[in-house]
Every structure is written in structure tokens, then in C-alpha cells.
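S.K.: Here it is: the structure, laid out below.
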Amino acid sequence: MIRKSAGSDLQPFNGLTPEVVLDAATAVGLDIDGTLFALNSYENRVYQLHGPGGPLVLKFYRPGRWSDAQIAEEHEFTAELAAAELPVAAPLALGGATLVRYREFRFACFPWLRGRAPELDAPEARQLLGRTIARVHQVGARRAFLVRPHIGIERFGWQARSQVLASELLPQALAERYSSVSGALLERVVAAFAAAGRVSEIRVHGDCHLGNLLWNEHGPAFVDLDDCAMGPRVQDLWMMLSGPPAEQQRQWSEILEGYQQFADFDLRELALIEPLRALRMLHHAAWVAHRWNDPAFPRAFPWMGEPRYWEGYIQDLLEQIEAIEDPPLFRGRA
């Protein structure tokens with residue numbers, strides 16, 4: 001019998017009304033005109049405001065997710081990147097601090113970054129992206145995070161699996177099947193990490209996908225380091241790959257061409273791409289299940305309340321076992 005739980009983190013932003021957002025901005029001395037737009041975000045709540053100097057972004061952190069010290073490390077890393085003239089939105093100091101409070105909420109203020117959705121098939125786009133991420137990693141390698149998490153099998157794999165097994169979202173009829181398949185997948189992930197050997201960990205973006213990138217006349221800009229962590233360099237690169245094996249190989253060669261102009265890359269990390277993809281698959285389902293009582297999540301992911309989603313998801317996990325055993329970037333190579 002698999003024991004279920006109703007989830008956690010019940011509606012943490014209930015009191016964050018538009019009036020409270022505007023009052024918070026005014027309380028820390030921001031000169032705003034009262035215009036307010038809610039931006040797309042699930043973990044936190046993010047708003048665009050307007051003032052005489054142009055748009056600003058207020059990010060209200062989800063209570064209980066990160067400690068003050070962990071958020072401070074996020075802000076310090078972002079400030080280091082900005083000081084190195086990298087395209088990031090670094091938090092602004094408000095009264096001498098980048099993390100401030102209003103009532104029960106913690107928030108930070110960021111400048112608005114202009115940009116459009118990335119088009120990586122444009123000429124030289126992936127090479128430019130590779131160069132930019134390499135420069136981020138050069139800064140990330142200067143020192144380690146002390147309190148932010150590591151990207152690893154325990155948190156993204158075994159703990160995520162336990163959260164799904166304890167969730168009421170997983171249909172009881174599929175619980176044993178999920179338990180078996182996810183366990184087999186994690187055994188492959190553990191073996192793949194062991195085979196790759198010890199690879200270096202640095203401070204990485206951690207959630208470097210197209211939704212967290214903007215593109216402007218200068219190239220890519222990073223808009224959210226909320227998930228920055230210690231991890232392998234490839235964590236910030238693999239999410240830029242998609243399509244059949246030959247296409248992924250082409251994309252990778254272009255990204256690596258740019259990356260190696262600014263930083264070295266340990267080719268052993270290639271073997272971690274599919275294991276890291278597996279961990280992300282496991283973690284995403286657990287993340288939604290854990291947050292299901294936050295009204296934003298059923299609205300954003302309604303299909304996850306349906307048994308057919310979980311049937312397809314378990315099949316995806318089975319296919320990921322095959323992908324780990326036969327990684328796309330190694331297919332067709334001598």
C-alpha cells in the first residue's frame with residue numbers, strides 16, 4: 001500500500017494583493033506610477049511596475065523555499081556576473097539591501113531587461129550562446145556556494161520520487177508501476193554518474209532553458225537565477241539540445257565551438273546529459289505534485305490531474321532509460 005498525502009505549501013501568496021505589491025514598492029522608496037502587470041512565474045510571484053526611470057520588476061519569494069542566506073548567495077552571484085559585464089538582471093539595493101521585507105513577504109527589485117524569445121537556429125546564435133554561458137561559468141568557477149544546494153541524484157531523484165509516491169496526484173492504480181519504473185531509471189542514473197567519474201562542480205545557473213533567456217541586439221540575456229546551484233557545467237548546456245540524434249549532435253557542436261573560446265569543457269560530462277534529463281523529468285513531476293495546493297499549479301498544469309497523463313509520463317520514463325543506455329550525442333560515432 002502506497003501512503004498518500006495531500007501535499008504542502010498551502011496558498012502562500014494569498015495576502016499578496018495588487019495593493020500590497022504597490023504598498024511594498026512605496027515602502028522601500030520606489031517611485032512608481034501605480035501601473036502593475038503580473039509576469040509569468042510559478043514558484044514566486046513577479047510583477048512589472050513603472051516609474052520615471054522606466055520599468056522595474058519586483059520578485060516576491062515563495063515563503064519557506066530559500067533561506068535568507070541562500071537568496072543572498074543568488075544575489076551575490078548575479079552581482080558578480082553583472083560586474084563582469086555579463087547580460088543579467090542584478091538585484092537593486094533598496095536601503096542598502098537587495099532582499100527586503102514588507103509584512104510577511106520577502107522581495108527584491110530588478111531592472112527590466114529588454115529582449116525577445118531566442119531563435120537559436122539563426123546564424124551563429126548557438127556559438128554566441130556557448131560563449132556567453134562559458135563566461136558565466138568562468139565567474140561561477142571562482143568560488144563555491146556555501147549554502148545553496150547541489151544538483152544531484154538525492155534531491156532531484158530519490159527525494160522527488162518519494163514526493164510523487166506520497167502525492168494524491170499519482171493514481172493508486174499506477175503507483176506500483178511508477179515505483180518500479182522510476183526506481184529502475186534512478187539505478188541507471190546512479191550507474192551513469194559513477195561511470196563518468198568525479199567531474200568538477202561550479203556555481204551554475206541551474207535552470208538554463210529557453211524560458212529563462214531573452215535575446216536582444218547583443219545576444220542572450222539571463223533573467224532568473226532563482227535555481228542557481230553547485231553542479232556540472234553541462235547542466236547549463238544540455239537544455240539547449242532538442243530533436244533527433246543527428247540534430248542534437250549538430251546543435252552541440254555549435255554550442256561547444258563557442259563555449260571553448262572562453263572555457264574548457266570536460267568531455268566526460270557528455271555522459272551526464274541524459275541522466276540529468278532524467279533527474280529533471282523526475283523533479284518536475286514532484287515539483288508540481290508538491291505545489292498542487294497552490295492555485296497557480298492546477299491552472300498551469302491541469303493535465304497532471306488526469307490518469308492518462310501519468311500513463312504517458314511513466315512511458316516517457318521508460319524511454320529515458322533507453323536514452324541513458326544509448327545517448328543521442330554518442331549515436332553514429334566511431
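The values are calculated or read from the model by the stated rules, or taken from the named source; none is laboratory data. All figures in this text were calculated on a predicted structure; none of them were measured in a lab. Note that each Cβ is placed from the backbone with ideal geometry, even for glycine, and that neighbours are counted across all protein chains shown.
S.K.: Can you tell me which of (1) at pLDDT below 95; (2) closer than 21 Å to Ile324 by Cα; (3) of a type in the set (Lys, Arg) is the one Arg233 doesn't meet?
M.R.: Here Arg233 meets the rest and fails (1).
S.K.: Here is a further query. Would you mind finding the one in Arg65, Arg114 that is surrounded by fewer than 20 Cβ atoms within 10 Å (Cβ to Cβ), in contact (Cβ under 8 Å) with a residue 60 or more places away in the chain and under 22 Å from Leu39 (Cβ atoms)?
M.R.: So the residue among Arg65, Arg114 that is surrounded by fewer than 20 Cβ atoms within 10 Å (Cβ to Cβ), in contact (Cβ under 8 Å) with a residue 60 or more places away in the chain and under 22 Å from Leu39 (Cβ atoms) is Arg114.
S.K.: Of the residues Gly258, Gly312, Gly243, which single one is buried (at least 17 other Cβ atoms within 10 Å of the Cβ) and more than 20 Å from the chain's Cα centre (by Cα)?
M.R.: That would be Gly258, the only listed residue that is buried (at least 17 other Cβ atoms within 10 Å of the Cβ) and more than 20 Å from the chain's Cα centre (by Cα).
S.K.: Would you check which residues across segment 282-301 are in contact with a Phe, Trp or Tyr (Cβ under 8 Å, 6 or more places away or on another chain) and either modelled with pLDDT of 95 or more or not charged (D, E, K, R) (or both) and list them?
M.R.: Selection gives Leu282, His283, Ala285, Val288, Ala296, Phe297, Pro298, Ala300.
S.K.: Follow-up. Condition check: closer than 17 Å to Ala160 by Cα and either touching a residue at least 60 places away in the same chain (Cβ under 8 Å) or aromatic (Phe, Trp, Tyr) (or both). Does Arg233 satisfy that?
M.R.: So Arg233 does not fit the description; no.
S.K.: Of the residues Ile71, Ile133, which single one is of a type in the set (Val, Ile, Thr), surrounded by 17 or more Cβ atoms within 10 Å (Cβ to Cβ) and in the same structural domain as Ser242 (by TED's automatic domain parsing)?
M.R.: From the options Ile71, Ile133, the qualifying one is Ile133.
S.K.: So which residues in segment 22-44 are within 20 Å of Ala300 (Cβ to Cβ) and part of a helix (DSSP H, G or I)?
M.R.: Passing the criteria: none in range.
S.K.: Right, next: Within segment 91-205, considering only helices (runs of 4 or more DSSP H) that don't extend past its boundaries, which have at least 2 residues that are of a type in the set (Lys, Arg)?
M.R.: Hits in segment 91-205: 125-140, 172-196.
S.K.: Would you be able to say whether some residue in segment 302-312 is assigned to a loop (DSSP other than H, G, I, E, B), modelled with pLDDT of 95 or more and assigned by TED's automatic domain parsing to the domain that holds Arg135?
M.R.: The answer is yes, given that some residue of segment 302-312 is assigned to a loop (DSSP other than H, G, I, E, B), modelled with pLDDT of 95 or more and assigned by TED's automatic domain parsing to the domain that holds Arg135.
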